[in-house]
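Contents: one structure, followed by commentary.
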Amino acid sequence: HPAFDAYVVRRDFPILQEQVNGRPLIWLDNAATTQKPQAVIDRLTYFYQHENSNIHRAAHELAARATDAYEAARDKVARFLHASSSDEIIFLRGTTEAINLVAQSWGRRHIGPGDEIVITWLEHHANIVPWQLLAAEKGARLRVAPVDDRGQVRLDEYEKLLGPRTRLVAFSQVSNALGTITPAREMVAMAHRYGARVLVDGAQAVSHMRVDVQELDADWYVFSGHKVFGPTGIGVLYGKLDLLNAMPVWQGGGNMIQDVTFERTIYQAAPARFEAGTGNIADAVGLGAALDYVEKIGMENISRYEHELLVYATEKLSAIPGLRLIGTAPEKAGVLSFVIDGFRNEDIGDALNREGIAVRTGHHCAQPILRRFGLESTVRPSLAFYNTCEDIDALVATLWRIRTGRYGLQH
Ligand code: PMP
């Protein structure tokens, strides 16, 4: 594609020049975290060199610069998600914190004894445990929509779980363990027909596909900056504005108040309502730079290129005898989970590491879905737009050597 060249964009990522164990780094752990382009690194430095201040509270020039930068980042997130207003964007620590906020603020008020919360078997622990805690506290019931043998949510079974007691549905748009893309729009619409609110976990979606929260009609949408080429420690809760303003406040402190006396406090509207205390100003600004960078490359280009890479990798991996891909849904993004008969996943990970190839092995914070396939762990290479067919060839060549006993790993 003339519009997109992975070898050109790779130069924007200084860490991709790193040597690991005497080899050029091949970063295939993008589902855990993505690498950062120079533009993001530069933006963080610029902030600390020229703009650093606390926001909103001072009369001086740097406070104005920091506030402008922070609010400009919020505007960029709103545009990136196609939200209807920047007030719908709340900066938090990440996906995990955003889900916990919804569970504790909205959940504690609206979930009662006998109510039902519906999730799917695909979920990351971050989209299981907060609901489990809430259900235990309130005497509510957690119900789980099953997946088929390819790792797709069974929509018929999902629909059967929905009913008059369903208050909330929470599911991921892309599975971090298998890469399955869920039919999010359809699932949201089905839940809404039963009057349930819906939270979509976009942690694994935002780096791979165009997201439009209005088209999805999600009530809340959450993601982490570090998975979309931005800094760690910054993430986003999107919520429909009326809903956010009707939700009980979560943490109390500075910034989220309008007026305080010892008798009562009047709270701000969203987003300040949910941003108590000094937030992660610099990293929010860095996230804005990451989204600018992604926009410049073009999400259409990214999705198209990554799809080709995924097809290529799937074909090459499938040709290795004894290698079993876990998660073979036709609609997938970014993730290739597998095991090889007769080999331990940790040993495969170690052997790849010796070749400079970074993958994750383990349960990927999604134990239930791996157990659904009779496994406690997999090897999980995961893709970004800066990966190339050469990266895949290096991975596959090492796996062939492992398979043919060159590393002496077979047990
Ligand atoms: N949900 C999904 C689907 C994820 O992949 C992750 C990160 N692995 C999370 C939630 C949690 O994100 P974070 O650790 O950044 O809060």
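Every read-out reported here was derived from the displayed coordinates using simple, explicitly stated rules and does not represent laboratory data. Computed from a predicted model, the values in this text were never measured in an experiment. Virtual Cβ from ideal backbone geometry, glycine too; neighbours counted across all protein chains shown.
For ILE26, nonlocal amide neighbours, meaning residues 5 or more places apart or on other chains whose placed amide H falls under 5 Å from its own, are ILE357, ALA358. Could you tell me which of ALA218, GLN410, ALA72 has its Cα farthest along the dipole of the chain towards the positive end, charges placed at Cβ (Lys, Arg +1; Asp, Glu -1), taken about the Cα centre? The residue sitting most towards the positive pole is GLN410. Projection of the Cα convex hull of the chain, averaged over all directions and equal to a quarter of that hull's surface, yields 21.5 nm².
Rounded to the nearest 10 degrees, the angle from helix 61-81 to the longest Cα principal axis of the chain is 60 degrees. The ellipsoid equivalent to the alpha-carbon distribution of the range 1-56 has semi-axes of 28, 16, 12 angstrom, derived from the gyration tensor eigenvalues as √(5λ) and listed largest first. In the frame of its principal axes, the range 237-365 has Cα extents of 70, 34, 28 Å, reported largest first.
Specify the angular offset, from 0 to 90 degrees and rounded to the nearest 10, of the alpha carbon long axis of helix 345-354 from the longest principal axis of the alpha carbons in the chain. Taking the Cα atoms of the chain, the angle to 345-354 is about 80 degrees. Of all lysines in the structure, those lying under 18 Å Cα to Cα from LYS240, and not within fewer than 8 positions of it along the same chain, are LYS76. Short-range pairs are left out: with C-alpha atoms under 8 Å and at least six residues apart, the relative contact order of the range 1-155 is 12 percent. In this structure the amide hydrogen of GLY235, modeled in the peptide plane, comes within under 5 Å of the amide hydrogens of LEU92, ARG93, GLY94, GLY225, none closer than 5 places in sequence on its chain. What the phi angles of the range 320-326 give under the Karplus curve with 6.51, -1.76 and 1.60, with θ = phi - 60°, is a coupling list of 7, x, x, 8, 10, 6, 9 Hz, glycine and proline written as x.
Note on the chain: antiparallel DSSP beta bridges, both residues inside, total approximately 60 percent of the bridges counted. Quick one: which residues, 5+ away or cross-chain, put their amide H under 5 Å from the amide H of SER337? H built at 1.01 Å from N. Here the answer is ILE326, since their amide H atoms fall under 5 Å of that of SER337.
Each peptide in 137-147, 327-337, 280-290 was scored by the mean count of other Cβ atoms within 10 Å over its residues; highest first, the order is 280-290, 327-337, 137-147.
In the range 1-140, one over the average inverse separation of all distinct C-alpha pairs is 19.4 Å, which is the Kirkwood hydrodynamic radius.
Under a Gaussian network description of the chain, with springs only between Cα atoms under 10 Å, the residue in VAL222, VAL206, VAL20 that fluctuates furthest is VAL20. Output the pairs from LYS138/LYS227; LYS138/LYS160; LYS36/LYS296 with a Cα-Cα distance over 26 Å in this structure; if there are none, say none. Table pairs above 26 Å Cα-Cα are LYS138/LYS227. On C-alpha positions alone, give me the angle between the axis of helix 184-193 and the longest principal axis of the chain, in degrees, nearest 10. With both axes taken from Cα atoms, the answer is about 40 degrees.
Only helical runs count toward this figure. For the chain, summing -39,500 (n - 2.57) over DSSP H runs of n ≥ 4 and dividing by all residues gives -11000 deg cm²/dmol at 222 nm.
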